[in-house]
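Heads up: the structure comes next, in structure tokens.
The values are calculated or read from the model by the stated rules, or taken from the named source; none is laboratory data. The structure displayed is predicted, hence computed values, not measured ones. No Cβ is skipped: glycine too gets one built from the backbone with ideal geometry, and neighbour counts run over all protein chains shown. Accessible surface is based on the protein model in full, side chains and every heavy atom, while ligands, DNA and RNA are left aside. Shrake-Rupley method; radii C 1.70, N 1.55, O 1.52, S 1.80 Å.
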Amino acid sequence: MILDKNDESSILRIAVLASGRGSNFEALCRGDTGNGKISLLITDNENADVLRRASELGVEAHYISPGRYRTKFGEAEDLEWTRLMMDRDIELVCLAGLMRIIKGSMLEEFRGRIMNIHPSLLPSFPGLHAQKQALDHGVRITGCTVHYVDASVDTGPIILQKAVHVKDDDTVETLSGRILQKEHTAYPEAVRLYCSGVLQLRDNA
Ligand code: GRF
């Protein structure tokens with residue numbers, strides 16, 4: 001069947017939440033996401049490059065203040081982000097470099113419908129600087145993981161992973177670059193799987 005993404009009844013609307021560069025946002029917009037369509041971007045950083053990409057790609061984009069905390073949303077702001085996504089009939093939320101923990105009303109409303117991409121083979125190397133952690137640990141294989149989001153950091157059920165070999169002369173930059181290339185195929189693929197209805201969350205795994 002050929003899907004017509006202009007036929008509003010067949011599409012699943014997706015929001016991307018991002019804080020920075022936005023290369024995964026762009027990969028999601030340009031990649032094959034089946035009947036999923038990236039229709040909203042929200043950022044907590046008014047200077048983020050992802051806003052420029054959204055304007056070039058013609059995606060509705062908003063900067064909304066995240067509130068007064070550094071790593072989570074304020075209560076009122078959490079509601080504001082959540083309400084905007086509900087107003088736009090968002091089915092799936094994709095975190096792509098969002099530097100905040102999801103809790104409160106956003107997690108409640110979208111539980112089981114929020115994904116994240118992380119630059120390591122989880123459960124190894126969660127949190128910040130995953131590529132440096134991998135190099136410091138001396139692993140020979142690392143990669144990226146797309147997973148569902150739960151109340152902790154980088155712990156939710158895994159959807160898919162792609163492996164990357166570590167080279168003897170890798171630096172954080174070279175390794176991050178090769179992982180990022182894999183991220184750009186992994187994320188659209190995971191979204192496509194979600195949208196096709198084959199993913200099932202059982203006992204939260
Ligand atoms: C990616 O490495 C992603 O795995 C991590 O944050 C980075 C975001 O990069 N969660 P970009 O903004 O998508 O270019």
Review point. Does the range 32-44 contain at least one residue that is surrounded by fewer than 22 Cβ atoms within 10 Å (Cβ to Cβ), within 16 Å of the ligand (Cβ to nearest atom) and not in a loop (DSSP other than H, G, I, E, B)?
Key: no
Practice item. Could you please find all residues in the range 11-31 being away from the ligand (no atom under 13 Å from the Cβ) and assigned to a loop (DSSP other than H, G, I, E, B)? Key: ILE11
Exercise for review: Search the range 161-177 for residues being of a type outside the set (Gly, Ala, Ser), open to solvent by 20 Å² or more (accessible area, probe 1.4 Å) and in a strand (DSSP E or B), and hand back the single one that is farthest from GLU189 (Cα to Cα).
Suggested key: HIS165
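Can you say whether ASP168 is closer than 21 Å to TYR69 by Cα and charged (D, E, K, R), as far as the supplied structure shows? Can you show your working first?
Values: closer than 21 Å to TYR69 by Cα: no; charged (D, E, K, R): yes.
In short, no.
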Practice item. Please identify the pairs in which a residue from the range 23-39 that is free of Cβ contacts under 8 Å to residues at least 60 places away in the same chain has its Cβ atom under 8 Å from the Cβ atom of a residue that is open to solvent by 30 Å² or more (accessible area, probe 1.4 Å) and assigned to a loop (DSSP other than H, G, I, E, B), counting only partners at least 6 apart or on another chain. Key: LYS37/LYS5; SER39/GLU60; SER39/ARG88
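Out of curiosity, is GLY143 buried (at least 17 other Cβ atoms within 10 Å of the Cβ), over 15 Å from the mean Cα position of the chain (by Cα), modelled with pLDDT of 95 or more and outside any helix (DSSP H, G or I)? Steps first, answer last, please.
Numbers: buried (at least 17 other Cβ atoms within 10 Å of the Cβ): yes; over 15 Å from the mean Cα position of the chain (by Cα): yes; modelled with pLDDT of 95 or more: yes; outside any helix (DSSP H, G or I): yes.
Yes, satisfied.
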Exercise for review: Determine which member of the set TYR69, TYR63 is of a type in the set (Ser, Thr, Tyr), more than 14 Å from ILE14 (Cβ to Cβ) and modelled with pLDDT under 95.
Suggested key: TYR69
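Starting from residues that are of a type in the set (Asp, Glu) and part of a helix (DSSP H, G or I), keep the ones in the range 45-60 and report whichever is least open to solvent (accessible area, probe 1.4 Å). So that I can check it myself, show each step before the final result.
Residues of the range 45-60 that are of a type in the set (Asp, Glu), as a first pass: 46, 49, 56, 60.
If we keep only those that are part of a helix (DSSP H, G or I) as well, we get 49, 56.
Details: ASP49: 63, GLU56: 128 Å².
Ranking the qualifying residues of the range 45-60, first place goes to ASP49.
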